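The structure appears right after this line, and notes come after that.
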Amino acid sequence: MFLFVAALLIAQSDTPTNFTPRTDSFDYVKREEMIPMHDGVKLKTFILIPKGASHAPILMTRTPYNASERVLRFNSSRLASVVPAMDDTAVAAGYIIVFQDIRGKYGSEGDYVMTRPLKGPLNSTDNDHASDTYDTVDWLVKNVPESNGRVGTIGGSYEGYTAVMSTVRAHPALKAAVPFAPMIDGWMGDDWFHNGAFRQDGTLQYTYNQEATRKNDKTWWSDTRNTYEEFLRAGSAGALAKARGVDELGFWKQLAAHPAYDGYWQGQAVDKLLAKDPPKVPMLIVSGLFDQEDIYGGPALFAALAPTDPSGERVHLVLGPWNHGQGRGAGRGIGPILFEGDTAAWFRRNVMQPFLDYYLKDGPKPDIPRALVYETGADTWHRYDSWPRACESGCPATSRPLYLLPDGKLGFEPPAAGQSKYDEYVSDPAKPVPYRQLPTLDGESPDTTWGEWLVDDQRFAGSRPDVLVYESEPLKEPLRVAGQPFAHLSAATSGSDVDWVVKIIDVWPSEVPNRPVLGGYQQMLSADILRGRYRQDPASPRAIQPDKVLAYTLRLPNVSHTFLPGHRIMVQIQSTWFPLYDRNPQKFVPNILFAQPGDYTKATQRIWHAPGNASSIALPVVASDQRAAVLDRVRVN
């Protein structure tokens with residue numbers, strides 16, 4: 001033992017006190033900087049410069065997820081192996097890549113505020129993501145001599161939010177922005193709530209991880225593999241937050257204080273803010289049709305900004321067949337659903353990089369339509385001069401009502417008189433419908449398939465007595481949909497509050513010879529939830545009159561899909577989607593986040609399908625004479 005210790009001491013004495021790793025063979029130079037903001041706070045920034053670069057554009061990501069790790073995806077001497085996939089084409093094009101920790105996270109100074117609002121009523125300080133980006137861009141173009149003085153911003157999710165914020169009061173050197181799946185409105189349909197229903201499984205864990213410490217040193221812990229059991233055992237979202245100490249964190253306090261769509265949420269809805277003062281920076285908004293986290297933001301932002309760009313030159317939308325992160329990685333399929341080739345890599349090479357090159361390095365003008373949308377089922381990209389193509393009003397095509405009919409049928413003809421007036425089920429909060437097949441795993445679990453659940457097989461839910469199922473006959477011709485579906489329910493509840501979950505599903509034939517796993521598969525295409533207390537006004541919750549037939553309208557996520565011959569269309573309706581969304585007690589209480597065990601009651605829910613009280617889905621069917629131009633198919637490599 002003594003000889004070993006002595007040898008170790010000798011070895012240690014030979015170690016240089018200031019060891020500098022050799023980087024001679026690296027094809028890039030990494031600079032670490034603390035860039036000062038106008039208020040004196042310094043932000044940790046990593047600058048990756050290709051060796052020999054001269055007059056190169058800068059592509060920057062501002063992140064709450066540790067810039068140091070983002071530039072060390074792989075510890076490699078090759079820049080192409082170091083940066084994330086969404087920057088792969090930019091690396092090949094010789095761009096300078098920049099990652100920066102946002103204010104208050106990891107290596108950056110200052111205080112952290114979750115999705116910090118712009119300066120104004122909700123932010124009394126003199127700094128926000130717009131000002132921090134401005135100061136950073138100003139420093140970069142003055143202190144990176146290898147650059148050409150042009151900067152673009154890029155990022156996904158929270159980083160997509162910071163990319164959008166960079167365009168507000170933008171620095172003159174900021175020439176383009178590419179937000180992937182940006183967080184735009186956390187109450188209407190991104191991350192925290194959907195139409196008033198709280199997305200507890202995910203939000204509680206994320207808040208804990210992000211706000212407990214600057215460097216995410218403390219992470220959410222769990223005693224069970226199944227979050228369904230964990231959240232059910234805890235009771236309300238507020239009870240679990242208190243048990244884990246989340247109630248001490250600033251963002252939870254805001255969530256708990258603002259369960260309705262009040263001034264707090266309206267005042268930081270990015271689409272509404274930017275519609276009033278549109279940015280001039282060209283923007284390529286990228287979203288996924290199956291984004292399990294921020295499915296609302298991209299299309300909402302495009303809808304707000306498109307009218308400010310009548311020529312369609314500055315604001316573009318891409319809707320790919322992707323989940324939350326897929327546009328930045330591999331896009332060959334989700335779960336058992338496969339697409340034509342790597343749709344994400346094709347997009348980055350043929351759309352995103354030409355967009356960046358045009359604005360950042362005087363490349364050829366790209367042929368990018370106002371909206372580029374992938375159509376699943378047909379596996380084809382489409383170019384559109386507007387989006388959504390079909391909707392309830394104000395679109396090139398008007399939706400067709402698909403009626404919920406007696407005996408579980410679904411069709412385009414309205415219900416006839418003399419048939420049963422409604423279907424009913426009992427919703428029991430003690431036995432909520434899971435949002436996917438059990439066990440529901442934490443999104444950070446090593447074997448989670450969290451990114452696939454929006455295309456999950458829904459047979460597990462349709463077999464339950466508390467889920468209504470409506471199904472069409474097998475289709476004889478292809479049926480193409482492109483746009484925004486709406487659910488129009490004539491419904492009643494025996495309770496004084498209610499949630500409605502509506503799912504549009506493509507039912508595959510019972511046998512699929514070349515893909516046996518898809519035989520009878522019930523592929524979810526578009527689904528969402530509405531909290532009944534906000535039926536009339538999202539800012540003013542109101543109790544529901546028991547047993548009264550009322551009209552409920554639920555906006556569903558965008559679809560771009562062809563139902564193929566032999567397939568069926570299905571609609572499922574239920575009142576719980578657990579544990580992703582917290583349980584509605586089905587009795588009106590002031591704040592559902594703090595519902596008590598005795599508040600949760602069974603309720604009988606009725607969906608009406610009688611003349612005068614017909615329930616339907618406004619399905620954005622595109623007629624054959626309204627077909628858009630089709631881009632070349634993306635072939636399998």
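The values are calculated or read from the model by the stated rules, or taken from the named source; none is laboratory data. A quick note: this is a predicted structure, and the numbers were derived from the prediction, not measured. FYI the Cβ positions are ideal-geometry reconstructions off the backbone, even for glycines, and counts take in every protein chain you see.
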Note: among LEU372, LEU402, just one is outside the structural domain of TYR470 (by TED's automatic domain parsing), surrounded by 19 or more Cβ atoms within 10 Å (Cβ to Cβ), touching a residue at least 24 places away in the same chain (Cβ under 8 Å) and not in a loop (DSSP other than H, G, I, E, B), namely LEU372
Can you name the condition, by its number, that PHE302 falls short on among (1) touching a residue at least 60 places away in the same chain (Cβ under 8 Å); (2) farther than 19 Å from ASP385 by Cα; (3) aromatic (Phe, Trp, Tyr)? (2)
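This table checks each residue for (1) surrounded by 22 or more Cβ atoms within 10 Å (Cβ to Cβ); (2) touching a residue at least 40 places away in the same chain (Cβ under 8 Å); (3) assigned to a loop (DSSP other than H, G, I, E, B).
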| residue | (1), (2), (3) |
| --- | --- |
| ASP291 | yes, yes, yes |
| ILE295 | yes, yes, yes |
| LEU319 | yes, yes, no |
| GLY327 | yes, yes, no |
| PRO354 | no, no, no |
| PRO366 | no, no, yes |
| ALA378 | no, yes, yes |
Could you tell me which residue of region 486-516 is modelled with the highest pLDDT, considering only residues that are among the acidic types (Asp, Glu) and more than 30 Å from GLN586 (Cβ to Cβ)? ASP506
Have a look at THR125, THR133, THR115, THR89 and point out the one that is in the same structural domain as ASP357 (by TED's automatic domain parsing) and out of contact with any helix residue (DSSP H, G or I) (no Cβ under 9 Å at 6 or more places or on another chain). THR125
Answer yes or no as to whether PRO388 is in contact (Cβ under 8 Å) with a residue 24 or more places away in the chain and not in a helix (DSSP H, G or I). yes
Identify, please: which residue in region 559-582 is in contact with a helix residue (DSSP H, G or I) (Cβ under 8 Å, 6 or more places away or on another chain) and part of a loop (DSSP other than H, G, I, E, B) and is, among those, surrounded by the fewest Cβ atoms within 10 Å (Cβ to Cβ)? TYR581
Tell me the residue from GLU473, GLU477 that is assigned to a loop (DSSP other than H, G, I, E, B) and touching a Pro at 6+ places or on another chain (Cβ under 8 Å), please. GLU477
Is it the case, given these coordinates, that ALA461 is touching a Phe, Trp or Tyr at 6+ places or on another chain (Cβ under 9 Å), crowded, with 22+ Cβ neighbours inside 10 Å and within 19 Å of LEU405 (Cα to Cα)? no
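Matching residues to (1) in a loop (DSSP other than H, G, I, E, B); (2) touching a residue at least 24 places away in the same chain (Cβ under 8 Å); (3) crowded, with 19+ Cβ neighbours inside 10 Å:
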position: ASN75; (1), (2), (3): yes, no, no
position: MET86; (1), (2), (3): no, yes, yes
position: ARG103; (1), (2), (3): yes, yes, yes
position: ARG116; (1), (2), (3): yes, no, yes
position: THR133; (1), (2), (3): no, yes, yes
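Conditions tested, residue by residue: (1) crowded, with 21+ Cβ neighbours inside 10 Å; (2) assigned by TED's automatic domain parsing to the domain that holds VAL151; (3) closer than 17 Å to PRO579 by Cα; (4) under 15 Å from the mean Cα position of the chain (by Cα).
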{"residue": "PRO179", "(1), (2), (3), (4)": "yes, yes, no, yes"}
{"residue": "THR203", "(1), (2), (3), (4)": "yes, no, yes, yes"}
{"residue": "THR207", "(1), (2), (3), (4)": "yes, no, yes, no"}
{"residue": "LYS215", "(1), (2), (3), (4)": "no, no, no, no"}
{"residue": "TRP221", "(1), (2), (3), (4)": "no, no, yes, no"}
{"residue": "THR224", "(1), (2), (3), (4)": "no, no, yes, no"}
{"residue": "ALA241", "(1), (2), (3), (4)": "yes, no, yes, no"}
{"residue": "GLY250", "(1), (2), (3), (4)": "no, no, no, no"}
{"residue": "GLN254", "(1), (2), (3), (4)": "no, no, no, no"}
Take the conditions in contact (Cβ under 8 Å) with a residue 24 or more places away in the chain, assigned to a loop (DSSP other than H, G, I, E, B) and not assigned by TED's automatic domain parsing to the domain that holds PHE302 and apply them to PRO439. Does it pass? yes
Name, by its number, the condition in (1) within 27 Å of GLY363 (Cβ to Cβ); (2) aromatic (Phe, Trp, Tyr); (3) touching an Asp or Glu at 6+ places or on another chain (Cβ under 8 Å) that does not hold for TYR112. (1)
Selection from region 337-352 of residues that are part of a loop (DSSP other than H, G, I, E, B) and within 22 Å of the chain's Cα centre (by Cα): PHE339, ASP342
For region 615-626, does any single residue satisfy the condition of being surrounded by 16 or more Cβ atoms within 10 Å (Cβ to Cβ), part of a loop (DSSP other than H, G, I, E, B) and without any contact (Cβ under 8 Å) to a residue 24 or more places away in the chain? no
Taking the stated definitions as given, is GLU413 under 29 Å from PRO474 (Cα atoms) and among the charged types (D, E, K, R)? yes
Long-range neighbours under 6 Å by Cβ, at least six apart or interchain, first residue farther than 21 Å from VAL502 by Cβ within region 514-527, second surrounded by fewer than 24 Cβ atoms within 10 Å (Cβ to Cβ) and hydroxyl-bearing (Ser, Thr, Tyr): GLY519/SER510; GLY520/SER510
Which is among the aliphatic types (A, V, I, L, M), more than 20 Å from HIS316 (Cα to Cα) and touching a Gly at 6+ places or on another chain (Cβ under 7 Å), of ALA130, ALA173, ALA163, ALA197? ALA173
For region 55-67, which residues satisfy the criterion of being of a type outside the set (Val, Ile, Thr) and surrounded by 14 or more Cβ atoms within 10 Å (Cβ to Cβ)? ALA56, PRO57, LEU59, MET60, ARG62, PRO64, TYR65, ASN66, ALA67
Taking the criterion of being among the small types (Gly, Ala, Ser), in a loop (DSSP other than H, G, I, E, B), surrounded by fewer than 22 Cβ atoms within 10 Å (Cβ to Cβ) and under 26 Å from the mean Cα position of the chain (by Cα), would at least one residue in region 503-510 satisfy it? no
Go through region 521-541 and count every residue that is touching a Phe, Trp or Tyr at 6+ places or on another chain (Cβ under 6 Å) and either closer than 18 Å to GLN572 by Cβ or at pLDDT below 95 (or both). 3
